[in-house]
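The next block holds one structure in the form of structure tokens; read it before the comments.
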Amino acid sequence: MKHPIPFLLGLAASVAVAGCSGYRPAPPAFHEALYQPYVMDAGDQLRVTVFDQANLSNTYSVDQAGYISFPLVGSVPARGRTANQIEQQLAQKLRQGYLRDPDVTVEVDRYRPIFIMGEVGAPGQYSYVPGMTIQKAVAAAGGFTPRANQALVDVTRQINGEILTGRVVTSDPLLPGDTVYVRERLF
């Protein structure tokens, strides 16, 4: 080996780049989740309307176990289910000796919160609003600090029971329950 210096410089550069790339770009499922029907989880609040049954129509919270407690029928699983699936479950349970032909609608009254951490003015828990982007969430959290990397942030999202983290641009949309981490910029 005649010139070890270029080899050592190349090795040092590849180690430095590898050290900076200790993250993974968002996997395809990460963005595909944005276009799937919304599924419920703990912290969501649902508005359930049973036509002609004012005593059953109310808002119900999805508890930590993933259930809503509904009058007459008891606990109804909600975690991982869409509003339409919950409507069908409730109607089926109400048909079993309570109502002849129940007309049930379910909609999200309040989404579970998002969490914003890192280089923002006021890290913490914030209400999710449909259509919220990372930029809007950061604005709600007091904006970026002077040391913040304003181009890319890490978002952690639960998809089909699996927790995924990906580095995305700040114009990306958020989903309820997401955790945003704004990193410090390198330079």
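The values are calculated or read from the model by the stated rules, or taken from the named source; none is laboratory data. Since the model is a prediction, treat every value here as computed from it, not as a measurement. Please note: Cβ atoms are built from the backbone with ideal geometry, for glycine as well, and neighbour counts cover all protein chains shown.
Residues in region 134-165 that are under 16 Å from the mean Cα position of the chain (by Cα) and crowded, with 20+ Cβ neighbours inside 10 Å: Ile134, Ala137, Val138, Val153, Val155, Arg157. Scanning region 139-159 for residues that are in contact (Cβ under 8 Å) with a residue 24 or more places away in the chain and either closer than 12 Å to Asp172 by Cα or part of a strand (DSSP E or B) (or both) yields a count of 10.
Results for (1) more than 17 Å from the chain's Cα centre (by Cα); (2) on the phi > 0 side of the Ramachandran plot; (3) at pLDDT 95 or above; (4) not aliphatic (A, V, I, L, M), shown as yes or no for each residue.
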{"residue": "Ser21", "(1), (2), (3), (4)": "yes, no, no, yes"}
{"residue": "Leu34", "(1), (2), (3), (4)": "no, no, no, no"}
{"residue": "Gln45", "(1), (2), (3), (4)": "no, no, yes, yes"}
{"residue": "Val48", "(1), (2), (3), (4)": "yes, no, yes, no"}
{"residue": "Val62", "(1), (2), (3), (4)": "no, no, yes, no"}
{"residue": "Phe70", "(1), (2), (3), (4)": "yes, no, yes, yes"}
{"residue": "Pro77", "(1), (2), (3), (4)": "yes, no, yes, yes"}
{"residue": "Gly80", "(1), (2), (3), (4)": "no, yes, no, yes"}
{"residue": "Phe115", "(1), (2), (3), (4)": "no, no, yes, yes"}
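Checking the conditions here, which among Glu87, Glu107 is exposed (fewer than 13 other Cβ atoms within 10 Å of the Cβ), of a type in the set (D, E, K, R) and under 20 Å from Asp41 (Cα atoms)? Just one listed residue meets the conditions, Glu107.
Inspection of region 96-103 identifies at least one residue that is aromatic (Phe, Trp, Tyr), farther than 30 Å from Ala148 by Cα and at pLDDT below 95.
Going by the structure shown, is Ser14 outside the structural domain of Gln158 (by TED's automatic domain parsing), among the hydroxyl-bearing types (Ser, Thr, Tyr) and modelled with pLDDT under 90? Yes: the conditions hold for Ser14.
Does region 166-187 hold any residues that are among the acidic types (Asp, Glu), crowded, with 18+ Cβ neighbours inside 10 Å and out of contact with any helix residue (DSSP H, G or I) (no Cβ under 7 Å at 6 or more places or on another chain), and which are they? If the condition is that a residue be among the acidic types (Asp, Glu), crowded, with 18+ Cβ neighbours inside 10 Å and out of contact with any helix residue (DSSP H, G or I) (no Cβ under 7 Å at 6 or more places or on another chain), then Asp178 is the only one that fits. Restricted to region 25-137, the set of strands (runs of 3 or more DSSP E) holding at least 2 residues that are under 20 Å from Thr170 (Cβ atoms) comprises 114-118, 124-126.
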